[in-house]
Structure formats: C-alpha cells, structure tokens
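This report concerns only the one structure given below.
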Amino acid sequence: MKRIKSLLVLIFLVSNFLQKNLFSQNCVPTGLNNSVITTPCTPICNDLTVQVPDLRSTTSYTVISIPYKPYAFTTAGATTDPTLYADDAYSNIFNLPFPFCFYGNVYTQAVVSSNGLVTFDVKKKNECPDPTQAAWLISSPLPHGGIAGCGSDNYPKLSIMGMFMDLDPRPESSPANRKIEWRVEGTSPCRRFVVSYYNVGLYEDYPCWPTDSSLATFQIVMTESTGVIDVHIDRKQICTNTSGQGRGILGIQGDIPNDNTQYLVVPGKDGNDPA
C-alpha cells in the first residue's frame, strides 16, 4: 500500500506522504509565456516588473510537485455510470463540462475506464461495448497500444492514466461503498472536472481484500482554461497474488501510434514493478 500526497497526472511514489504532480499546459494562446513585462510609471511611482509564468503549451508536459489537497472523493450530486461496476469496462460516452486541450487538440467528450483512466478516444466505447473488453493487462511501458479495437493490453490513446491498473469494482473484489464518480466544480472560466475512484479493489484480490490497504482511492482533476491536470492519490494497493501483481501506470499518452513522442510517465512508474 502506498499513500501518496499529490500529483499532476502521473506518479507512483515509494515513500509515504510524498508529493508529486504532473503535466502543465496552457490552452489560452497569450504569447506571453516566460516573458518579462515592464510597465513604465510617472515619477511619482516605481516601475513594476512582472514575469509571466511559463505555462506549457498542450504539446509539452512536465511533472511538478504540489501539496496534497484532494477534493472530496465522493459527493452526493456526482455522476456515476452503472456500466463501470463491472470488470474491465468503459463508461458510456459523455460530454465534458468544458472543452479540454490535450496534445494540441481540443476535446469535448470522454470515456472513463473502470481500470483507472480517462480517455478522449471515445470510439473505444463502441469498439469495446461489453464488460471484460477494456484494456487491463499492464504488459509494456508507454507509449503502447492506441490501435482500433479491443485487446487486454491495447492501452487507449489520448488517455490520462491516473492509476491505470487491473482494478475490479465488482462485489467480489471491492466493498459496498466503492464508487467511481465525476463532477464539475467552480465557475467559468476556472472550473475543474473531477474524476474520483474510491475504495476500488484489484482483480483477483481475494488474498489481500478486505483490508483498506488493498483498495485504491485516487482522483484525476482537469482544469478549465489552463488545461492543467492533477492526480491526487490517497492509496495505491499492492497485492502480488493478483493476476497483475498490483502493477500500474501513472502517465499520459496522446495520438499514438501515429506520434509515439506524445507520452509522459514518471521514471520507474511505468508498470515495471508494483510499487
């Protein structure tokens, strides 16, 4: 079990109460990134020099450490999809509360996987409409998959992998209070879209469950206008007796395999080990 203090979409850390986050981007083309602006004043005041923060474009991402301040993991008014309470399932296609920039393109719809990711490749729902068809096998590091159709290790392209692993929200592996939900908070143009996984177990987690240490709790947060992505991980379980041995990926990948440069993952947290 790992308790992790915060992330910008990507990270499995080894120590307790660590902080990480991933991915900065800027959807507003100001042309001022990383520039220095000096505004002249009359003799009765001083010049004011301001440096504009270098928010990356949607084609460039980086990992940044932030304080652990997650939003509520469960709320009364959030959206849930019964489709997700099966093994290896994609949610129904839904409209995002605001257009979101990702690797140079703007997306208005998304699909959530029961295995810990959000993808803008909404065709996956029609290609893999039934439970057991969503990708679950962590077989290769990023970039990987991205092709049409289903497949146990066909990772979806255009994905934010908050904690991509072989999760199982069914009663066999998860307690009755487990929940996968999403909601919008705040006011335009500074809203946030929050996708939360709460107390979700691993597939074939019988040797480890029902202890809390075998349940995953984390959330993906997408912010309007800036396009920043946060991931807050409260608990990442490790159960080496499961089929996937608790392996997982924290990262993002874009339009692969068309462009295999469009990905980012925390070094050593690419499914190589269950930590």
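Quick note: the coordinates plus some simple rules give every number you see, no bench work behind them. Everything quoted here is computed from the prediction, not taken from an experiment. Using ideal geometry, Cβ is built from the backbone for each residue, glycine included, and neighbour counts are taken over all protein chains shown.
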For the range 136-237, Rg(Cα) over 2.2 N^0.38 Å is 1.20
Of 186-192, 175-181, ordering from highest average Cβ density within 10 Å down gives 175-181, 186-192
